[in-house]
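First the structure, in the form of structure tokens, and then the observations on it.
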Amino acid sequence: MRRLTEFDSLRVVLVATRNPLNIGAAARAMSNFGFSRLRVVSPYDVAFREARSAVGASALLAKAEEYKSVADAVADCTLVVGTTAAQQRKPQQPLRLAEEGARLIRTRLRSSPVALLFGSEKRGLSNQDLSHCHWLMRVPTREKHGSMNLGQAVAVCLYELAKDSGSAKAVEKLKPVSAGDAERIGQLLLEALAASGYLKPGSDASTRDKVRQLVRRLNIPADDAQTWLGIFRQILWKLRDG
């Protein structure tokens, strides 16, 4: 097992979950493997209240942080990874199996916070949710029965993170930009694109999601975030002043 300080850098994020048994199972899996930072985005209120009494998970659930949006829930993280069965739609981001993805996450956890997203039991993560992710991860299940129970999926992914494979020893030299700063850069870029005429009024949400994904793929270092924000603010000022 890895040190608790590294485990504490992982934020397990449950998005729009509705079943108290699944929420409780996910929290119990976190406790099993030594992870304690649970975040929930727009949970079904009745289910979340009921889940707080789950055996072995009540203390962890009592400390869970609630957010109104995925953007807010991942704002302090430099890596955001979504989980998916990836069978009904073609993902727009790189897709990795759980074992490979866990190695990459473990490397990042040594230097900065990481968010691991799980979607609702019925629909999983939406396209808008996925647009916040740098890449996606899936458990290699058989094609005819690919979707896993939420609690099981959380348990398998955290097991892969908890086991010490002895790989990925190098610590990244450059600290990546946080998801919050990446979101702000993306918003300024969208405003600049709209002001320049590149984006037409009334552009649909999918266009904005694509721009968000583009910014994530740039892997901007944290030290450069303020510079990029300043560049886009200056561009906007010139476009609007002119």
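The values are calculated or read from the model by the stated rules, or taken from the named source; none is laboratory data. Just so we're clear, the structure is a prediction, and the values are computed from it rather than from any experiment. With ideal geometry, Cβ positions are generated from the backbone for all residues, glycine too; neighbour counts draw on all protein chains shown.
Restricting to the range 190-242, and then to whatever is of a type in the set (Gly, Ala, Ser) and crowded, with 17+ Cβ neighbours inside 10 Å, can you tell me which residue is nearest to LEU174 (Cα to Cα)?
Going residue by residue through the range 190-242, those that are of a type in the set (Gly, Ala, Ser) are 192, 194-197, 202-203, 205-206, 222, 225, 230, 242.
If we keep only those that are crowded, with 17+ Cβ neighbours inside 10 Å as well, we get 192, 225.
Values: ALA192: 28, ALA225: 12 Å.
Among residues in the range 190-242 that are of a type in the set (Gly, Ala, Ser) and crowded, with 17+ Cβ neighbours inside 10 Å, the one nearest to LEU174 (Cα to Cα) is ALA225.
Residues are listed down the side, and each one gets a yes or a no for (1) at pLDDT 85 or above; (2) crowded, with 17+ Cβ neighbours inside 10 Å; (3) among the aromatic types (Phe, Trp, Tyr):
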position: ARG2; (1), (2), (3): no, no, no
position: THR5; (1), (2), (3): no, no, no
position: GLY24; (1), (2), (3): yes, yes, no
position: PHE33; (1), (2), (3): yes, yes, yes
position: ASP45; (1), (2), (3): no, no, no
position: VAL70; (1), (2), (3): yes, yes, no
position: ALA75; (1), (2), (3): yes, yes, no
position: THR84; (1), (2), (3): yes, yes, no
position: GLN88; (1), (2), (3): no, no, no
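Looking only at the range 202-216, which residues are acidic (Asp, Glu) and within 14 Å of CYS133 (Cα to Cα)?
Step one: of the range 202-216, the residues acidic (Asp, Glu) are 204, 209.
Residue satisfying the conditions is ASP209 alone.
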Looking at (1) exposed (fewer than 15 other Cβ atoms within 10 Å of the Cβ); (2) at pLDDT 75 or above; (3) assigned to a helix (DSSP H, G or I), which is the only condition PRO140 fails?
(3)
